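Report on one structure; see the data block that follows.
The values are calculated or read from the model by the stated rules, or taken from the named source; none is laboratory data. The model shown is predicted, which means the values in this text are computed figures rather than measured ones. Neighbour counts are summed over all protein chains in view; Cβ atoms, including those assigned to glycine, are modelled from backbone coordinates with ideal geometry.
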């Protein structure tokens, strides 16, 4: 059975955290219910004392980070006055002193916590804090992608979606096309593109063929993935500048992809290109 993508991303984020900061220990986990998580991933630990430790909101450093929804740190865990000490035994067994905790926050909801730690009582600098926050953002993006996949699949299973449902399909498709190239996991990236392809090939009884069985679907046109990405952004109302920002491209590059797509589709305007792409089954 394939390992959950979020677990893979958490492990990769902890590894990056150690490599970018030099911290000897990193660990973390995702919440399995509101306000509760288990430490599931360890990197650099010399014992198993922290593995499976159940963290509750408000308890210990991680629990404080969950409750406040912001990064927290202590210079010497065992004598810190502003946290509770339910987990002192496990922390002491691993020999940790200086610890930071950064929440993974998705749409204002804490979904997990990443920790970094030293075995000496030294202040944790701003650069280390920034690297920990960046690592948490990596996990956040993976969770956003997973959530969008679930939402998109749910919408796509509707047997006879109405106009409002099709707008939701198109919005989710656009967001996933923009997110997919940024996903590090190749298997997940391929799965996202496959889902986008299934949605793009679905039939909108109103938008694809027109009222009363108007224009039929066109023969599929071979567009490059980035040309489809640009058309997806255009279909959602994005300007070239906005599409460039979403896709991590230069505005001139977006214009080039759009011109190329329009030429292949035999169209002369942005709107015509979107309509042709939908009829060809390239966009939902």
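One table, with the values for the structure above:
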quantity: Set 284, 205, 251: member being over 30 Å from residue 8 (Cα atoms) and either modelled with pLDDT of 90 or more or surrounded by fewer than 13 Cβ atoms within 10 Å (Cβ to Cβ) (or both); calculated: 251
quantity: Flag if residue 200 is surrounded by 17 or more Cβ atoms within 10 Å (Cβ to Cβ) and at pLDDT 80 or above; calculated: no
quantity: Residues (in contact with a helix residue (DSSP H, G or I) (Cβ under 6 Å, 6 or more places away or on another chain) and either under 27 Å from residue 195 (Cβ atoms) or in a loop (DSSP other than H, G, I, E, B) (or both)) located in segment 111-134; calculated: 111
quantity: Residue check, residue 232 in a loop (DSSP other than H, G, I, E, B), surrounded by 16 or more Cβ atoms within 10 Å (Cβ to Cβ) and assigned by TED's automatic domain parsing to the domain that holds residue 199; calculated: no
quantity: Residue satisfying all of: in segment 238-248; loosely packed, with under 15 Cβ neighbours inside 10 Å and not in a helix (DSSP H, G or I); modelled with the highest pLDDT among these; calculated: 239
